[in-house]
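Trainee: Let me begin by handing over the structure; questions about it come next.
The values are calculated or read from the model by the stated rules, or taken from the named source; none is laboratory data. Small disclaimer: the values here were computed from a predicted structure and weren't measured. Cβ sites come from the backbone with ideal geometry, for glycine too, and all protein chains shown count toward neighbours.
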Amino acid sequence: MNLSRRQALALGGAVITVSLLPVDLAHAASDQSNEAIAAFTGGADIGEGNLELTTPEIAENGNTVPIAVSASGAVSVLILADGNPSPGVATFHFGEMAEASASTRIRLAGTQSVIAVAKMADGSFIQAARSVKVTIGGCGG
Amino acid sequence: MAKIKPRVKAPKSVAAGEVFTVKTLINHKMESGQRKDKAGEKIPRQIINKFEAIFNGTPVLTADLDPAISTNPFIEFSMKISEAGDLAFKWHDDDGSVYETSKSIAIG
Amino acid sequence: MKTLTKSTLMGGFLALSLGFAATAGEDSTLVVNGETPIPVRAAAPEGSPLPELFSGWVFRSVETQAMQADDFDNPGMIFVDQAWEAWSTPEGSAGKSCADCHGEPDSMAGLRATMPKWNAEAGKLYTLEDYINESRVKHMGAEPWKWSGAQMTGMTALISLQSRGATINVKTDGPVAEMYEKGKEIYYTRVGQLDMACSNCHEDNYGVMIRADHLSQGQTNGFPAYRLKNAKLNSIHARFKGCMKNIRARPYKEGSDEFRALELYVASRGNGLVVEGPSVRN
């Protein structure tokens with residue numbers, strides 16, 4: 001079937017939309033992110049575990065994106081925005097009185113993965129990542 | 001620069017060992033250092049680079065912040081205490097300023 | 001023709017799916033601080049071109065809606081706090097503060113719901129900014145504030161907060177009738193390179209996605225609005241200006257008679273909605 005360019009674009013757009021579930025990405029991070037992660041873990045292995053990273057599927061505005069992280073038993077959590085000019089977002093250090101969870105609002109320069117790496121009390125590391133769609137354009141500007 | 005004013009929500013009293021939520025907000029531009037001014041020059045970075053919540057002198061939460069934290073940084077966390085005391089908050093600015101506030105929490 | 005139809009359908013599907021994922025839906029309700037229900041929809045006033053009224057809150061994503069539900073999540077409230085301090089800080093040659101004449105901020109209760117309105121003494125339509133600056137200049141001997149600067153928007157937010165939950169009820173007859181008609185004309189007049197009128201989006205297409213933005217009815221009951229886009233409180237005229245720039249028109253000036261007239265007309269389209277105190281929007 002011969003698709004016009006407009007049809008092909010619209011069709012492609014629709015397909016991307018449908019497959020847009022926030023997928024847990026494994027190790028698809030940028031070099032900068034990997035460097036930051038290595039600095040945090042000292043090169044140790046990273047496993048998977050109970051690390052909950054909450055991000056919107058679609059950010060209303062990339063300027064202010066609410067995120068939350070929770071990892072029972074973690075002593076610190078590193079947050080990275082894999083597609084930002086510089087991936088560092090924040091590192092939370094939890095004292096004894098704190099629950100190992102925190103929420104904040106971040107800037108995302110475009111559609112990308114947000115990565116969280118948690119250091120557990122026993123010295124092990126776990127990570128999680130979520131894809132966030134960041135849109136721009138429309139009358140909001 | 002506009003006056004920097006923190007806004008904090010913490011309960012006035014909690015049961016010992018009961019988990020409670022703390023919300024903090026502070027107005028700060030969080031100038032990332034990426035933006036350019038009208039002349040095309042990069043506007044120098046100036047952000048809150050560290051946030052601390054300290055209860056009766058013991059650190060509860062410390063957050064090292066990067067320019068990717070949004071303007072007017074918002075940080076929410078949960079904690080529990082076993083004795084009454086003061087929850088102190090500190091925001092450290094790149095320029096050396098430290099903004100502080102605190103809330104007293106009773107056990108009851 | 002077959003080509004056009006198919007791509008339009010696909011485009012529509014794309015728009016719908018983005019829209020569906022992005023919003024909380026028009027059924028959600030707003031409860032502030034766990035205790036104050038704020039109606040975000042209302043019956044349209046008689047003669048309204050809209051079938052039903054929706055606050056801008058309804059069109060935002062779940063996350064954005066949540067930010068308005070708690071005064072400690074709402075970043076606009078920091079500026080309310082600042083204005084609260086400014087309220088009792090003497091300024092200007094008279095050495096007075098707002099508090100000296102007006103007492104506590106709650107003396108302003110109900111005011112926001114009737115703005116803009118006719119100022120008989122001045123013989124013209126006044127917005128909240130006009131009243132504030134008049135007091136500053138005439139009664140305090142202080143410099144007027146910039147229309148959309150942080151001090152002004154903080155103060156209009158503080159005053160709006162005093163009317164949170166109050167039903168918008170602006171007068172459109174009597175001495176303001178002329179401005180009302182002028183505002184209505186502006187609302188429906190196409191301008192700019194994109195040749196669009198306010199109504200094209202906010203009356204004909206609210207609820208639809210315009211590229212990545214979910215179009216609202218363009219109501220002003222939530223103003224001043226903390227916008228995620230610029231991380232600050234925005235005045236009504238600043239938003240009008242932005243909208244005009246978006247359609248590549250030369251915007252009227254903040255504080256101009258055109259925007260005052262438009263503000264009155266747009267406010268009247270929201271008669272029945274309630275004041276939200278500082279709102280959170282995109």
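Conditions (1) within 9 Å of another protein chain (Cβ to nearest Cβ); (2) at pLDDT 95 or above; (3) at negative phi, marked per residue:
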residue: A:ALA28; (1), (2), (3): no, no, yes
residue: A:ASP31; (1), (2), (3): no, no, yes
residue: A:GLY43; (1), (2), (3): no, no, no
residue: A:GLU52; (1), (2), (3): no, yes, yes
residue: A:VAL69; (1), (2), (3): no, yes, yes
residue: A:VAL89; (1), (2), (3): yes, yes, yes
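Trainee: If you check B:SER82 against the conditions, is it modelled with pLDDT of 95 or more and in a strand (DSSP E or B)? Walk me through it before giving the result.
Mentor: Numbers: modelled with pLDDT of 95 or more: yes; in a strand (DSSP E or B): no.
Answer is no for this residue.
Trainee: Shifting gears a bit: Of (1) within 14 Å of chain C (Cβ to nearest Cβ); (2) over 11 Å from the mean Cα position of the chain (by Cα), A:VAL114 satisfies all except one. Which?
Mentor: It fails just one condition, (2).
Trainee: Restricting attention to the range B:31-45, does a residue exist that is closer than 14 Å to B:SER102 by Cβ and within 9 Å of another protein chain (Cβ to nearest Cβ)? Explain how you work it out, then say what you get.
Mentor: We begin by selecting, within the range B:31-45, every residue closer than 14 Å to B:SER102 by Cβ; these are none.
Within the range B:31-45 (the criterion being closer than 14 Å to B:SER102 by Cβ and within 9 Å of another protein chain (Cβ to nearest Cβ)), the answer is no, since none of the residues qualifies.
Residues are listed down the side, and each one gets a yes or a no for (1) among the aliphatic types (A, V, I, L, M); (2) assigned to a helix (DSSP H, G or I):
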| site | (1), (2) |
| --- | --- |
| C:ALA113 | yes, yes |
| C:GLU121 | no, no |
| C:ASP130 | no, yes |
| C:GLU134 | no, yes |
| C:PRO144 | no, no |
| C:SER148 | no, no |
| C:GLY154 | no, yes |
| C:SER160 | no, yes |
| C:THR172 | no, no |
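Trainee: Would you point out which residue out of B:ASN49, B:ASN72 is touching a strand residue (DSSP E or B) at 6+ places or on another chain (Cβ under 8 Å) and either within 14 Å of chain C (Cβ to nearest Cβ) or not in a strand (DSSP E or B) (or both)? Let's see the steps before the verdict.
Mentor: Numbers: B:ASN49 fails: either within 14 Å of chain C (Cβ to nearest Cβ) or not in a strand (DSSP E or B) (or both).
The conditions single out B:ASN72.
Trainee: To continue, here is another question. List the pairs whose first member sits in the range C:241-267 and is on the phi < 0 side of the Ramachandran plot and part of a loop (DSSP other than H, G, I, E, B), whose second member is at pLDDT 95 or above and among the hydroxyl-bearing types (Ser, Thr, Tyr), and whose Cβ atoms are under 9 Å apart, counting only residues at least 6 apart or on separate chains?
Mentor: Here the result reads C:GLU254/C:SER148; C:GLU254/C:SER235, each pair linking the range C:241-267 to a residue that is at pLDDT 95 or above and among the hydroxyl-bearing types (Ser, Thr, Tyr).
Listed here are the residues, each with its yes/no results for (1) within 14 Å of another protein chain (Cβ to nearest Cβ); (2) farther than 17 Å from C:ASN246 by Cβ.
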site: C:LYS184; (1), (2): no, yes
site: C:TYR187; (1), (2): no, no
site: C:LEU194; (1), (2): yes, no
site: C:ASN200; (1), (2): yes, no
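Trainee: Take the residues of the range B:52-64 that are surrounded by 14 or more Cβ atoms within 10 Å (Cβ to Cβ) and among the β-branched types (Val, Ile, Thr): which is farthest from the other protein chains (Cβ to nearest Cβ)? Lay out the reasoning, then the answer.
Mentor: Initially, the range B:52-64 is screened for residues surrounded by 14 or more Cβ atoms within 10 Å (Cβ to Cβ), giving B:52-56, B:59-64.
Keeping just the survivors that are among the β-branched types (Val, Ile, Thr) gives B:54, B:60, B:62.
Working: B:ILE54: 8, B:VAL60: 5, B:THR62: 4 Å.
Only one residue fits best here, namely B:ILE54.
Trainee: Is it fair to say B:SER97 is away from chain C (no Cβ under 12 Å) and in contact (Cβ under 8 Å) with a residue 60 or more places away in the chain?
Mentor: Criteria met by B:SER97.
Trainee: Also: Which of the residues belonging to the range C:56-95 are of a type outside the set (S, T, N, Q), more than 9 Å from chain B (Cβ to nearest Cβ), in a loop (DSSP other than H, G, I, E, B) and farther than 30 Å from C:ASN205 by Cβ?
Mentor: C:PRO90, C:GLY92, C:ALA94, C:GLY95 - these are the residues of the range C:56-95 that are of a type outside the set (S, T, N, Q), more than 9 Å from chain B (Cβ to nearest Cβ), in a loop (DSSP other than H, G, I, E, B) and farther than 30 Å from C:ASN205 by Cβ.
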